[in-house]
Structures are given as C-alpha cells and as structure tokens.
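The values are calculated or read from the model by the stated rules, or taken from the named source; none is laboratory data. Model, not experiment: these values are computed from the prediction. As a convention, Cβ positions derive from the backbone with ideal geometry for all residues, glycine included, and neighbour counts pool all protein chains shown. Just the protein is used for accessible areas: all its heavy atoms, side chains included, with ligands, DNA and RNA removed. Shrake-Rupley method; radii C 1.70, N 1.55, O 1.52, S 1.80 Å.
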Amino acid sequence: IPAMPCFAAMMLSVFVFVRRRLPPTAALLAFALPMTLPVVSFSIQSRPYALWLAASGWALVCWQSAVREGGGTERRRILSLWGLYASLTAAILAHYVGALIFLPLVAGELWRSRKTGRDLPVWLTFAAAAAAIAVYVPFLKASAIYRVHPWHGVVPHDLEETYLLGISAVALGIIILSVAAHMLGRE
C-alpha cells in the first residue's frame, strides 16, 4: 500500500514541475504520462522504487522553487532548500539508485550558474544530502557476508530487458510530452 501514495506524490510533483513553465493542459498531460509508462508497475510493488520516484520528483520541484528568480521571499527559499535536502536524502536512502537524481540537478545548477554565478546554499544543500550515503557504510560492511555477487549469472541480455526497455519507453514518453507541450505553447 505505501507504494500507491508515493506514486501519486510523484505524479503530483510532475504536475507542479511542468505547471510552473507550461499551460495547465501540458501539466495534466505530464501528470498522466507516468500511468502510460512501465514505471506504473512501481505503484503496486513492495519495493522502494515509488518512494524513490516521489522523492526525486519533489527534489526537482524544490530545486526549481529554490532557484526561481523573483520566486518569492527568503523564507520560501529556505523552505525550498529544506525540502530539497529532505527529498534528496529520502531518494538516496530509499534505494541506491536514488543518487542518480543528483545528475540532472547538478547539471541544471551548473548550467544556471553560468549566468547567475555559484549559488552556495544550493551547493551546500546538495553536499549535505549526499552525506546521507555515510549512513549506509556500517550496513554495507555488516551485510557483506550475506550478499551474493550482484553480477553472478547475469548476461548482457538481462541488462537490455531490465533497464533499456524501460528507459526507451520513458524517452518516448518524454518526446511525446515535449511535442505536445510545444504545440500547446503555440496557442
């Protein structure tokens, strides 16, 4: 059951993220898009993927809010930075792939800093959230005796079936959404 509200929270974060830049119609399309992709299966699994997606989605929303020019008061920025920290930490602690959310955020912040200069509070928030990885260290050492080598019996075909098919479906969905948003933006 916890996966369902987490998946819904992820969908809501997509709506909020897109709505800040595009018309409501495009945001509704973005909101519905995850229901058409293979990630919808995460909404009923007893694994942490839906939590990871929700935390990642809200990390993007909080970063967008924290760096928005003319976006509000200093209090709102501080709340956004706290939300960014909490979301990034939750993403990392939910699953080891949670660290992947740092890639688009760091890339976005590097791109943004070309014009605005370095935003020290954002970078410190990234660093503080990344420090959550230190929580794993004692567990990794203690559980090492129980693990089987993760690549035991894995063949390249498994990689394609596991990750590439899902990524291609997500990429197709993003392309369709981008074209739809562009067409709606012309109106």
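Against the definition (in contact with a Cys (Cβ under 8 Å, 6 or more places away or on another chain), modelled with pLDDT of 85 or more and surrounded by 18 or more Cβ atoms within 10 Å (Cβ to Cβ)), how does residue 81 come out, yes or no?
Details: in contact with a Cys (Cβ under 8 Å, 6 or more places away or on another chain): yes; modelled with pLDDT of 85 or more: yes; surrounded by 18 or more Cβ atoms within 10 Å (Cβ to Cβ): yes.
Here the answer is yes, as residue 81 does meet what is asked.
Does residue 112 qualify as being in a helix (DSSP H, G or I) and charged (D, E, K, R)? Give the derivation first.
Values: in a helix (DSSP H, G or I): yes; charged (D, E, K, R): yes.
Yes.
Please tell me if residue 38 is within 28 Å of residue 123 (Cβ to Cβ) and either open to solvent by 40 Å² or more (accessible area, probe 1.4 Å) or small (Gly, Ala, Ser) (or both).
On the way: within 28 Å of residue 123 (Cβ to Cβ): no; either open to solvent by 40 Å² or more (accessible area, probe 1.4 Å) or small (Gly, Ala, Ser) (or both): yes.
Considered against the rule, which asks whether it is within 28 Å of residue 123 (Cβ to Cβ) and either open to solvent by 40 Å² or more (accessible area, probe 1.4 Å) or small (Gly, Ala, Ser) (or both), residue 38 comes out as no.
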Taking into account only those residues within the stretch 13-25 that are of a type outside the set (Phe, Trp, Tyr) and free of Cβ contacts under 8 Å to residues at least 40 places away in the same chain, which is nearest to residue 180 (Cα to Cα)? 24
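Look at the stretch 112-130 and say how many of its residues are of a type outside the set (Gly, Ala, Ser), over 20 Å from residue 57 (Cβ atoms) and open to solvent by 40 Å² or more (accessible area, probe 1.4 Å). Write out each step before concluding.
Just the residues of the stretch 112-130 that are of a type outside the set (Gly, Ala, Ser), to begin with: 112, 114-116, 118-126.
With the extra rule that they be over 20 Å from residue 57 (Cβ atoms), the set shrinks to 114-116, 118-121, 123-124.
Cutting the leftovers down to open to solvent by 40 Å² or more (accessible area, probe 1.4 Å) gives us 114-116, 118, 120-121, 123-124.
Of the residues in the stretch 112-130, 8 are of a type outside the set (Gly, Ala, Ser), over 20 Å from residue 57 (Cβ atoms) and open to solvent by 40 Å² or more (accessible area, probe 1.4 Å).
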